[in-house]
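This report refers to the structure that appears directly beneath it.
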Amino acid sequence: MNFELNEEQQMLADTVERLVRNTYSFEQREVFYQSPRGYSPEFWRQLSELGITSVPIAAEYEGFGGTGVENMLVMKELGRGLCLEPYLHSQIYAAGLVEQLGSAEQRQSILPAVAAGERLLTVADEEAGSHYHPEAIECQAVPCERGWRLSGRKRVVIGGELAHTILVAARMSDGEGVSLFLLDPGAEGVSRTGYPCIDGPRACDLALADVYVEADSLLGPAGKAAPALAYQRGRAVAAQCAEAVGSMEEAFRLTLDYLKTRQQFGSPIGRFQALQHRMAEMRGELELARSMTILAACVADDPDSESRSRRLAAAKFTVARASQLIAEQSVQLHGGIGMTWEYSLAHHAKRLVMLTHQFGDDDFHLGQYSALLEVPRQASQQVA
Amino acid sequence: MDIHFTPEELAFRSEVRAFLGQNLPADLAENVRLGRRLAKEDHQRWQKILNQKGWYAVNWPVEHGGTDWSVVQKHIFDEECAAAGAPRLVAFGVNMVAPVIIKFGTQTQKDYYLPRILRSEDWWCQGYSEPGAGSDLASLKTRAERDGDHYLVNGQKTWTTLGQHANRIFCLVRTDPSAKKQEGISFLLIDMDTPGITVRPIITLDGEHEVNEVFFDNVRVPVENLVGEENKGWTCAKYLLTHERTGQAGIGQSKAALAHLKQIASAETVAGQSRIDDPLFRARIAELEMRLMAVEMSTLRILAATRDGGVPGAESSLLKIQGSEIRQAITDLMRKALGPNALPFLEPELESDFHGEPLYQDYSASPASQYFNLRKLSIYGGSNEIQKNIIAKLVLEL
């Protein structure tokens, strides 16, 4: 058992921390947010120059070959800076799906460009009626000559406006199961409606009207994408936990500073025991979230198993609960100032709460864990 | 970064498990699993078995009969003992007064007391709390006045756990009433047979005789029973409290209790359906298990950080809060799993010498009483509110 970072990992963490600190002041973020892209292409270029965009990609595709631990280190700093770039969805989630499902040609043609930060990916796996259950989608793939035709509506595709390739999840019309297709957003019949999300990053809805995709755009065997989606959502969950921890640490730091400086009734408000105890509780939950984020990072790349799924569900559950607590209480402890657009704390609060709306909220993961609960033999026999 | 145990640690776990398999008496394990009240002899039987193996005073230095185990090994040992149903060690002698004697005691004190603790010849209890000194421990009033080569002790201690079994008590006493609160306190070792000591039981809400009041009326204590310097007892007290708190997370205990909860929830049925198959109840268990996983990971992180001899700081306060809350929550669910079957208060069935037929099931007698008994977890060892004060002061610097 060892919770220390090695020298290389420490350097990676320091590099990203420094870059975010120098580039991503809250005022700068607001400028990026207001810009047409909704994030900073310059920051993305810097991430790519420093090799950060290549961290999650395997070495054979010109990536750094990082594990869940390296992803954690990067995401934590991006979370601390409330960064708006689609790192998680492109570099970790979508790239992971390409790596797991793609043919040798697909991987070679896509991943090196992703690692270099030149090609953005994202995944369109949520629909109005799916709510974290990719297997519940309705978008259809109908076979046609030399390919498929995709029809349906996708919701909240993070980074979807600027992605060069969108991995679209669709149900096979001629059989069971869900497939993933590599979609060129410029294809005929694709329309995108972009918007900012309430926590900052931009997303789009995707309407697919009988969109033709070529035979070689199918990712992996037809109708068999569900296990890969579940597995890669697990990796995304681990990374997102780290993003939340970075944001929680910053929200907690800002709140602690405020309690030490804000004067009421003739003393810093941090002298009041009701507030001290609330901070102690928040600190406790933050510590648990950190622990579970480390656990998630360490099992994210393990082979699929019930134990991995349980631990990742427990991590997301713990982090989601802690995120909401720290978001709500940080605002409360700040009072009115915590509710203003011009103060970064409010944006951390929004991010922390709304992160739970991707890849499953606390109730979703409680359900997942509950379904996988290990029970004494006697009971499982009764179930059977 | 690696969350796995080393091959050596895994081998150690197997060794502990094998030892427990061969040496833990089945009747003891059964009584522990069912949450029954253990007798003095039950504890002593297990202490002697452990001592024979050299695994009783695991926290002591090797030269005094301890082990050279790493903190991770100690964690594994605790976890395996709890999983097997070994009685939780009564800490007052082996894990509370002994570390203080080892750290601050004279050679004579070490030579006399430590072997007696190892051989279970002494049963120690703790004289800290007083009627007017609970969370505000330093306001204690029990006086010790110097009278030649003796101290004359007068006052009252309370919440003295298992004092009815004890032949010795370690006490915080006030030796300098004029000094500031913490500065006039000394740490005294007192023989319970000394004239002037009276022990009266306090029966707790679960009907159990676990705690006592101890009265001191002109009790003569030889000055050589002072540990450390006169008026410097607070240093010993704080040292002991840190030892008390490390381990208060009780991860192993909670894991064992959670396994027992699942057994109960599987065995209890409502209209033919196991409680554990009721989605709402199952989710409650799942939630607790996830939280326990998180507290365990935090414990392991703290252990790993102290592996090279570091001392857990205020983090132990966080673990004390979270660990105690989980154990309380587990007994809460055990009680609820039983529905109306939790109501009967069958004291004979709660005793470790019960060999009759249970009125309902062997597991049904103790959960409600355990639930009430374990309210103590968030009160003792520095109440959870005191722990939050410590975190606010030492970690948050508020």
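If eta is 0.890 mPa s and T is 25 °C, what Stokes-Einstein diffusion coefficient results for region A:44-158, Kirkwood Rh from Cα pairs, in µm²/s?
Values: Rh = 15.5 Å.
Reported coefficient: 159 µm²/s.
For region B:124-232, what does the relative contact order come out to in percent, with C-alpha contacts under 8 Å and a separation of six or more? Can you show the working numbers first?
Numbers: 261 pairs, mean separation 32.8, N = 109.
Once normalised by length, the contact order is 30 percent.
Order of B:97-105, B:342-350, A:308-316 by packing, highest average Cβ count within 10 Å first?
A:308-316, B:97-105, B:342-350
Give the calculated FRET efficiency between A:SER307 and A:ARG146 to the nearest 0.05, with a Förster radius of 45 Å applied to their Cβ-Cβ distance. Can you show the working numbers first?
Working: r = 43 Å, r/R0 = 0.96.
Here the calculated transfer efficiency is 0.55.
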Tell me the label-point distance for the pair A:THR67, B:ASP191, using the 7 Å Cα-to-Cβ offset, in nm and rounded to one decimal. 6.0
Hey, how many Å between the Cα centroid of region B:353-398 and the Cα centroid of region B:121-180? 24
With +1 on the Cβ of every Lys and Arg and -1 on the Cβ of every Asp and Glu, and nothing else charged, how large is the dipole of region A:50-112 about its Cα centre, in debye rounded to the nearest 20? 200
State the volume of the convex hull built on the alpha-carbon positions of region B:246-395, expressed per residue in Å³ and rounded to an integer. 127
If each of B:ASP362 and B:HIS209 carries a label point 7 Å out from its Cα toward its Cβ, how far apart are those two points in nm? 2.7
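Nothing charged except the Cβ atoms of Lys and Arg (+1) and of Asp and Glu (-1): what's the magnitude of the dipole of the protein assembly as shown about its Cα centre? Round to the nearest 20 debye. Don't skip to the answer; put the middle values down first.
Details: 79 positive and 102 negative charges, 345 e Å.
Dipole of the protein assembly as shown, to the nearest 20 debye: 1660 debye.
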Compute the acute angle (0 to 90°) between the alpha-carbon long axis of helix B:233-245 and the principal axis of greatest extent of the alpha-carbon atoms of chain B; round to the nearest 10°. 10
Just name one of A:SER35, A:HIS164, B:TRP46: the one whose Cα is farthest towards the positive end of the charge dipole of the protein assembly as shown (beta-carbon charges, Lys/Arg +1, Asp/Glu -1). B:TRP46
Please turn the phi angles of region B:95-109 into ³J(HN,Hα) values with the Karplus equation 6.51 cos²θ - 1.76 cosθ + 1.60 (θ = phi - 60°), one per residue in order, whole Hz, x for glycine and proline. 10, 10, 6, 4, x, 5, 5, 5, 7, 10, x, 7, 4, 4, 4
About the Cα centre, and with charges only on the beta carbon of Lys, Arg (+1) and Asp, Glu (-1), how big is the dipole of chain B? Nearest 20 debye, please. 620
How about B:LYS74: which aspartates and glutamates have a C-alpha closer than 15 Å to its C-alpha, ignoring those fewer than 8 places off in the same chain? B:GLU8, B:GLU9, B:GLU15, B:GLU244, B:GLU296, B:ASP308
At a Cα cut-off below 19 Å, give the aspartates and glutamates reachable from B:LYS180, other chains included and same-chain residues fewer than 8 away excluded. B:GLU130, B:ASP136, B:GLU145, B:GLU229, B:GLU230
Dmax and Rg, reported as Rg then Dmax, of chain B (C-alpha, Å): 21.7, 74
To the nearest 0.05, how large is the calculated FRET efficiency for A:SER25 and A:GLU118 if R₀ is 35 Å and r is the Cβ-Cβ distance? 0.85
Rank these for me by crowding, B:MET192, B:MET293, A:MET11, going from fewest to most other beta carbons within 10 Å. A:MET11, B:MET192, B:MET293
Label point 7 Å out from A:GLN10 along Cα-to-Cβ: which residues of region B:1-29 have amide N under 13 Å? B:1
Ranking A:LEU325, A:ALA346, A:LEU275 by how far each Cα lies towards the positive end of the charge dipole of region A:226-375 (+1 on Lys and Arg Cβ, -1 on Asp and Glu Cβ), the top one is A:LEU275
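Rounded to two decimals, what is the ratio between the C-alpha radius of gyration of chain A and 2.2 N^0.38 Å? Don't skip to the end; give the middle numbers.
On the way: Rg = 21.4 Å, N = 384, 2.2 N^0.38 = 21.1 Å.
Normalised Cα radius of gyration, chain A: 1.01.
How far, in nm, would the chain grow between B:PHE372 and B:ASP353 when pulled straight, counting 0.36 nm per residue and subtracting the alpha carbon separation?
On the way: separation 19, 0.36 × 19 = 6.84 nm, distance 2.16 nm.
Taking 0.36 nm per residue and subtracting the Cα distance, the gain is 4.7 nm.
Set the bar at 21 Å for Cα to Cα. Now go through A:LYS76/A:LYS350; B:LYS320/B:LYS376; B:LYS141/B:LYS393; B:LYS181/B:LYS232; B:LYS48/B:LYS262 and name every pair that lies beyond it. The partial results should precede the final answer.
Working: A:LYS76/A:LYS350 17 Å; B:LYS320/B:LYS376 12 Å; B:LYS141/B:LYS393 26 Å; B:LYS181/B:LYS232 11 Å; B:LYS48/B:LYS262 32 Å.
Distance filter (> 21 Å) returns B:LYS141/B:LYS393; B:LYS48/B:LYS262.
Across peptide A:331-341, what mean number of C-beta atoms from other chains lies inside 10 Å of a residue's C-beta?
On the way: counts 0, 0, 0, 0, 0, 0, 0, 0, 0, 0, 0.
That works out to 0 on average.
P(r) tail for region A:228-384, what percent of Cα pairs lie past 29 Å? Please list the in-between numbers first.
On the way: 3521 of 12246 pairs.
Every Cα pair in region A:228-384 considered, those over 29 Å come to 29 percent.
Based on Cα coordinates alone, diagonalise the gyration tensor for the protein assembly as shown, multiply each eigenvalue by 5, take square roots, and list the semi-axes in whole Å, largest first.
Values: eigenvalues 629, 185, 104 Å².
Equivalent ellipsoid of the protein assembly as shown: 56, 30, 23 Å, largest first.
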Order of A:HIS131, A:HIS357, B:HIS4, A:HIS348 under a 10 Å beta carbon neighbour criterion, fewest first: B:HIS4, A:HIS131, A:HIS357, A:HIS348
Net charge of neighbours whose Cβ lies under 14 Å from the Cβ of B:LEU10, counting Lys and Arg as +1 and Asp and Glu as -1: -4
Report the Cα centroid-to-centroid distance between region A:69-90 and region B:1-15 in angstrom, as an integer. 32
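Partner chain Cβ atoms within 10 Å, averaged over the residues of A:262-272 - can you pull that number for me? Display every interim value, and only then the final one.
Numbers: counts 0, 0, 0, 0, 0, 0, 1, 1, 4, 2, 1.
If you average over the peptide's residues, the count of other-chain Cβ atoms is 1.
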So how tilted is helix A:273-299 from the main axis of chain A? Cα-based, degrees 0 to 90, rounded to 10. 30
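Based on other C-beta atoms within 10 Å, arrange B:HIS43, B:HIS75 from fewest to most. Mind dumping the intermediate values first?
Details: B:HIS43 19, B:HIS75 23.
Ranked by crowding around the Cβ, least crowded first: B:HIS43, B:HIS75.
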How far, in nm, would the chain grow between B:VAL270 and B:GLU63 when pulled straight, counting 0.36 nm per residue and subtracting the alpha carbon separation? 68.8 nm
Coordinate range along principal axes, alpha carbons of region A:122-219, Å, largest first: 41, 27, 20
When the Cα centres of region B:206-238 and region A:1-18 are compared, how far apart do they sit, in Å? 49
So how far apart, in nm, are the two label points at A:ALA230 and B:ASP147 if each is 7 Å from Cα heading toward Cβ? 7.7
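What does the average come to when, for each residue of peptide A:285-294, you count the partner chain Cβ atoms lying within 10 Å of its Cβ?
The mean count of partner-chain Cβ atoms within 10 Å per residue comes to 5.
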Compute for region B:7-89: radius of gyration divided by Kirkwood radius, i.e. Rg/Rh, restricted to C-alpha atoms, rounded to two decimals. 0.97
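Pairs of Cα atoms under 8 Å, at least six residues apart: use those to get the relative contact order of region A:17-112, whole percent.
Details: 81 pairs, mean separation 27.9, N = 96.
Relative contact order here is 29 percent.
Pairwise over distinct Cα atoms, reciprocal of the mean inverse distance: report the Kirkwood radius of region B:194-259 in Å, one decimal place. If you can, show how the numbers build up before the last one.
Values: mean 1/r = 0.0631 Å⁻¹.
Evaluated on region B:194-259, it is 15.9 Å.
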Nearest-0.05 FRET efficiency for A:GLU342 and A:MET1, computed from C-beta distance (R0 45 Å): 0.50
Principal-axis tilt of helix B:251-267 within chain B, Cα atoms, nearest 10 degrees: 30
Cut-off 10 angstrom, C-alpha nodes, Gaussian network model of chain A. Which of A:SER217, A:SER305, A:SER173 fluctuates the most? A:SER305
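Every read-out reported here was derived from the displayed coordinates using simple, explicitly stated rules and does not represent laboratory data. Bear in mind that the values here come from a model prediction, so they are computed numbers and not experimental data. Virtual Cβ from ideal backbone geometry, glycine too; neighbours counted across all protein chains shown.
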